[in-house]
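The values are calculated or read from the model by the stated rules, or taken from the named source; none is laboratory data. Just so we're clear, the structure is a prediction, and the values are computed from it rather than from any experiment. When we count neighbours, we look across all protein chains shown, and the Cβ atoms used for this are built from the backbone with ideal geometry, even at glycine.
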């Protein structure tokens with residue numbers, strides 16, 4: 001019995017210390033509370049009770065919440081090695097496991113550097129007149145129609161903008 005007790009104490013010490021907070025009910029965690037309360041008051045209550053960094057359990061996922069710029073800076077700069085961003089499995093299935101924000105470390109940095117240049121003002125500025133022309137053409141094509149399936153038209157418009165560059 002003493003050996004078992006000693007083993008459990010040793011195991012507890014080796015676990016990484018999580019921030020304060022509540023994990024709620026098994027599996028559902030605090031999901032019901034989040035959806036029955038105003039989300040702002042849900043997070044404000046926990047921030048007041050536990051501080052700017054707290055743990056919770058939402059939609060089947062245990063998570064650590066950050067609620068201030070200072071806490072975000074601390075996590076992203078000085079304690080980045082202790083955190084791994086995760087996303088709900090549904091998001092990964094929807095977007096695909098190879099999406100940029102599902103990766104970490106040097107691979108993520110390399111991908112980000114490659115993609116980021118496409119979104120710089122200097123890269124976007126030359127496309128603005130072409131996008132504006134496309135908007136005007138799209139809107140004028142709608143005037144002759146009685147009804148418009150905006151979802152289909154916006155999908156087409158988004159695709160046309162995406163293939164411009």
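Here are a few things to note about the model shown:
- Residue 74 fulfils the conditions (1) more than 29 Å from residue 27 (Cβ to Cβ); (2) surrounded by fewer than 14 Cβ atoms within 10 Å (Cβ to Cβ) except for a single criterion, (2).
- When the helices (runs of 4 or more DSSP H) confined to segment 52-165 are screened for residues that are under 30 Å from residue 32 (Cβ atoms) and free of Cβ contacts under 8 Å to residues at least 40 places away in the same chain, those reaching at least 1 such residues are found at 69-73, 89-95.
- Any hit, segment 4-18, residues being under 17 Å from the mean Cα position of the chain (by Cα), in a loop (DSSP other than H, G, I, E, B) and at pLDDT below 80: no
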